[in-house]
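The values are calculated or read from the model by the stated rules, or taken from the named source; none is laboratory data. Every value quoted in this text rests on a predicted model; they were computed, and no experiment measured them. Cβ placement follows ideal geometry from the backbone for every residue including glycine, while neighbour counts extend to all protein chains displayed. Accessible surface areas use protein heavy atoms only, side chains included; no ligands, DNA or RNA. Shrake-Rupley method; radii C 1.70, N 1.55, O 1.52, S 1.80 Å.
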Amino acid sequence: MPAELSSEEVARRVAVLKRFRELLVQQRDKFRDYLTVLDKQKDVIEKGDADALSAHVEIEEGIVSEILAIQKVVDPLESLYRNVYPEREAEVPRLKQALEELKTEAVARSKRNRELLSKRMDDVRSEIRSLRGNPFASRRSVYADAGEASLVDLKG
């Protein structure tokens, strides 16, 4: 490394640092949004509102795809950051640790919602089975065997 850095090199390093930090903050905010959606989704699952659940699943998919898109940029930028700032490499694990904690929380809440949804689906299946076992639902109508008319009185 040269002892004296050109202003161009300093500007490049500052740009890398700013962009890396922006992306990490953006990713952190997306994880927080994701956690909020998962909490709301839990309430929707408990209420049994299928339309709202479908909307929350779509929102969740959008946020997850945004998180993955940001991660695709963060990984190469992190490598560049480590090359440009080897003396500041200790900062990266702290930032990554905070994101890792958010990821862990998101995974736990997502698992909780899947379990709640599975339980809710089992309850609905039980309700359907109990409706099928209803003796009134399976009885034939008293009019079912009446047959069709065979003679028609034309004289009136």
Subject >> Distance in nm between pseudo-label sites at R12 and K40 (7 Å out along the Cβ direction from Cα) >> reply: 4.4
Original post:
How big is Rg to Rh over region 20-118, alpha-carbon atoms, Rh as the Kirkwood inverse-mean-distance radius?
Top reply: 1.10
Subject >> Average accessible area per residue (Å²) across region 1-63 - probe 1.4 Å, nucleic acids and ligands excluded >> reply: 65
Original post:
Quick one: length gained pulling D29 to V57 fully straight, 0.36 nm per residue minus the C-alpha distance?
Top reply: 8.2 nm
Original post:
From the phi of every residue in region 24-32, what ³J(HN,Hα) in whole Hz does the Karplus formula 6.51 cos²θ - 1.76 cosθ + 1.60 yield, where θ is phi - 60° and glycine or proline is x?
Top reply: 5, 5, 4, 5, 4, 5, 5, 5, 5
**OP:** Give me the lysines in straight-line cross-link reach of K30: C-alpha distance below 25 Å, same-chain residues under 8 apart excluded.
**Re:** K18, K40, K42, K72, K96, K103, K111
Subject >> Inter-probe distance in nm under a simple model that places probes 7 Å from Cα toward Cβ, at S118 and E148 >> reply: 5.3
Original post:
Taking N as the number of residues in region 1-46, what is its alpha-carbon radius of gyration divided by 2.2 N^0.38 Å?
Top reply: 2.07
Subject >> K111/V84 FRET efficiency (R0 30 Å; Cβ-Cβ; nearest 0.05) >> reply: 0.20
